[in-house]
Amino acid sequence: MRLMLANTFRVAALALLLVLLFRTEWLTPLLAPLTNFNAPPIYTQNSLAWLAAYHLELVAASIIGSAVLAVLGGIFVTRKSGADFLPLTRAIANAGQTFPPVAVLALAVPATGFGMAPTLIALFLYGLLPIFENTVSGLQQVPASIIDAADGMGMSPRQRLFSIELPLAMPLILEGLKVATVINIGTATIGSTVAAKGLGEVIIAGLISDNTAFILQGGLIVGLMAVLIYDAMGQIEGVINRRIGVRASE
């Protein structure tokens, strides 16, 4: 029953997302009452599907960069040679999360110009903390008895890392990756304030023109993408965990 309800929700959410992206005009009767002064209820300045694609491109590029740096940093500070750098590295990762993205954009625009670059910088910094913290936690939670057994088998530190520690830490690392991805899907909307293509364009157009229908279209697409992508990444996480023989915590 639970599985059937989950699948029903997935299908309904995906169907609504596809309608919003490709057949928004079907929703005109529902959106028209949300406009003022006979304003158009459907956003037509740009294709919503293309804006969604640009939006996801920004998120994917930033998450890849964040994941590479955060995982490498997490590995480094959990080794004996890098343990002293853990407080500093954690402070840097926390600063990336606590520093307002709008402020990052304001600082980055003079150096990089308008468009995708300042948005990528803001999203990259915003995605560091969840992945870094989960990488550190996952590696630190590997039981000492398993580490000792690996050493007793004559494994080198590199072999132990890739064969034992990372597989056991993978559930937490993947969870951090999921959280960072969902955060960035929502945060990427601010990129439109510096001329980066994305779904924030629809929301900002609605705010400027006092058109709630535009705001709802942009917000629904972002929300549905975040929910569906989080769910899809959870399914992929389960497959990976089964393949490496690790059961993720419920």
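Would you work out the relative contact order for segment 1-244, in percent, from Cα pairs under 8 angstrom that are 6 or more residues apart? The normalised contact order for segment 1-244 reaches 26 percent. A 1.4 Å probe run over segment 20-105, with the rest of the protein chains in place, finds 59 Å² accessible per residue. Taking the C-alpha atoms only, the angle from helix 166-187 to the longest principal axis of the chain is near 20 degrees.
Heavy-atom accessible area for Phe99, with the other protein chains in place and a 1.4 Å probe, reaches approximately 90 Å². Length available on full extension from Trp26 to Ala61: 0.36 nm per residue minus the Cα-Cα distance, which gives 9.3 nm. The stretch between Ser209 and Ser163 holds 10.9 nm of extra length on full extension. This uses 0.36 nm per residue minus the Cα-Cα distance. Ordering Arg160, Arg2 by accessible surface, largest first, gives Arg2, Arg160; the 1.4 Å probe counts only protein heavy atoms, with every chain in place.
Across the protein chains, with a 1.4 Å probe defining accessible surface, the residues Tyr43, Tyr54 rank Tyr54, Tyr43 from largest area downward. The gain in end-to-end length when the Ala91 to Ser156 segment is fully stretched comes to 20.3 nm, 0.36 nm per residue minus the alpha carbon separation. Among the trypsin sites (Lys or Arg not before Pro) in segment 46-133, those located in a DSSP loop and surrounded by at most 13 other Cβ atoms within 10 Å of their own Cβ are Arg79, Lys80.
Using a 1.4 Å probe and ignoring any ligands, DNA or RNA, find the accessible area of Asp210 and quote it in Å² to the nearest 10. Estimated to the nearest 10 Å², Asp210 gives 100 Å².
Take each peptide in 175-185, 68-78, count the other Cβ atoms within 10 Å of every residue, and average; sorted highest first, the result is 175-185, 68-78. Ellipsoid semi-axes for the chain, based on the Cα gyration tensor and the rule √(5λ), read 40, 23, 11 Å when sorted largest first. Once all protein chains are placed together, Leu224 keeps about 30 Å² accessible to a 1.4 angstrom probe.
Taking the longest Cα principal axis of the chain as reference, the axis of helix 48-77 is set at about 20 degrees.
Taking the centroid of alpha carbons for each part, segment 143-193 and segment 21-58 are 39 Å apart. At a Förster distance of 35 Å, what's the computed FRET efficiency of Phe99 paired with Val11, Cβ-Cβ distance as r, to 0.05? With R0 = 35 Å, the Cβ-Cβ based efficiency is 0.35. Note that segment 26-135 shows a convex hull volume over its alpha carbon atoms of 154 Å³ per residue. Sorting Val194, Val11, Val239 on solvent-accessible area from highest to lowest, probe radius 1.4 Å, gives Val11, Val239, Val194. Summed over all non-identical Cα pairs, the Kirkwood treatment of segment 147-250 gives a radius of 16.5 Å. The share of accessible area on the chain that comes from carbon and sulfur is 69 percent, using a 1.4 angstrom probe.
Relative to the dominant Cα principal axis of the chain, helix 200-209 is inclined by about 40°.
The values are calculated or read from the model by the stated rules, or taken from the named source; none is laboratory data. Nothing here was measured: the structure is a model prediction, and the numbers come from that model. Quick reminder, even Gly has a Cβ in these numbers, built from the backbone with ideal geometry, and neighbours come from all protein chains shown. SASA here: full protein model, heavy atoms, side chains in, ligands and nucleic acids out. Shrake-Rupley method; radii C 1.70, N 1.55, O 1.52, S 1.80 Å.
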